[in-house]
Amino acid sequence: MTLWSMIVAVVAISVIGGIIMQYLKGKEKGVDYDLDGLAEKLGLGDGGGMSKKALKPYLERIDQLEERVRVLERIATDKGRSLADEIDQL
C-alpha cells in the first residue's frame, strides 16, 4: 500500500464514520431522514438505483448494531449484577 492510497483510505473511513455518527445522533433525537431526497441530491435517484428501498437494509442493520451497543454499555456499567449472569441471559 502506497502512502497516497493509505491517505485516501484514512480520509474515506473518516468521512464515512462522520456520516454514520451524524445519522445516529439524528436518529437518537428523533429526526426522520428523507432518504429519497438525499439519494436524488447525490445523483443516485431513480437512474442510479439507490433509493429508500436500497438503503433500508443498511439502516436496519445500523439499528440492530445500536441496540447491541446499548446492551453492551448496560452490561459494562451495571455494577449490581454479575457479568457472567448477564452474558448467560443473552
Quick one: 3J(HN,Hα) in Hz for the stretch 54-60, Karplus 6.51/-1.76/1.60 with θ = phi - 60°, rounded, Gly and Pro as x. 6, 7, 4, x, 5, 5, 5
Distance (nanometres) between label positions extended 7 Å along Cα→Cβ at Met21 and Leu65: 1.4 nm
Compare the peptides 3-13, 18-28 by average per-residue count of other Cβ atoms within 10 angstrom and give them in order, highest first. 18-28, 3-13
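Each value in this text was obtained by applying a stated rule to the coordinates, not by laboratory testing. Note that the structure is predicted; figures quoted are calculated from it, not measured. We place every Cβ from the backbone using ideal geometry, glycine too, and count neighbours over all the protein chains shown.
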